[in-house]
Amino acid sequence: MESHEIIIPVLGILLPIIITLAAFVMIVYLRKYENVERMSMIEKGVALDLFINKEKFYTGWTVRWSFLLIGIGIGFLIGYWLDSAFGMEEVGYFASLFICGGIGLGSSYYVEEKQRKKESK
């Protein structure tokens, strides 16, 4: 057995673990240094208005992603139906995913605009 035949399966197992740990460590350090920065600003007497968000929480991303994922799910269902009923295979999946995903994003835009108009009154 050659050495590269042993290394490839080991990397296949270790790489996701290493990436997950690295992402976790990165998030912990970012939060830690953000806290250190805020504490030093408080010690220096900088106004606390920087930390307080006076605006309402913006839910646009949440609405957008939820509509997109719902559209993708419906697209998968329609793609499966097209594949089983008409034998379209990959074409049915990709076409229905893009169409339903676009409809989901368009409907999220419509909901966001309706919400902005309601808030501006």
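Checking a compactness column here: for the chain, what do you get for Rg(Cα) / (2.2 N^0.38 Å), N being the number of residues?
Cα Rg divided by the expected 2.2 N^0.38 Å: 1.76.
So what is the relative contact order for the chain, in percent, with contacts set as C-alpha pairs under 8 Å and at least six apart?
21
Per DSSP helix of 4 or more residues, -39500 (n - 2.57); summed, then divided by the residues of the chain. What does that give at 222 nm, rounded to the nearest 500?
Mean residue ellipticity, 222 nm, calculated: -30000 deg cm²/dmol.
Quick check for the chain: number of Lys pairs with alpha-carbon distance under 17 Å, counting only pairs 8 or more apart or on different chains?
Taking the chain as the scope, the lysine pair count is 4.
Residue farthest toward the positive end of the dipole of the chain, with Cβ of Lys/Arg at +1 and Asp/Glu at -1: which of Ile74, Asn35, Ser96?
Positive-most Cα among the choices belongs to Asn35.
What nm value, rounded to one decimal, do you get for the distance between Tyr109 and Arg31 when each label is placed 7 Å out toward the C-beta?
3.7
Can you pull the percent of the chain's accessible area that's carbon plus sulfur, 1.4 Å probe, other chains left in place?
71
Over the chain, give the accessible area per residue in Å² for a 1.4 Å probe, as an integer.
Here the residues of the chain average 86 Å² of exposed surface.
The values are calculated or read from the model by the stated rules, or taken from the named source; none is laboratory data. On a predicted model such as this, the values are computed, not experimentally measured, just so you know. Please note: Cβ atoms are built from the backbone with ideal geometry, for glycine as well, and neighbour counts cover all protein chains shown. For accessibility, only protein heavy atoms count, side chains too; no ligands or nucleic acids. Shrake-Rupley method; radii C 1.70, N 1.55, O 1.52, S 1.80 Å.
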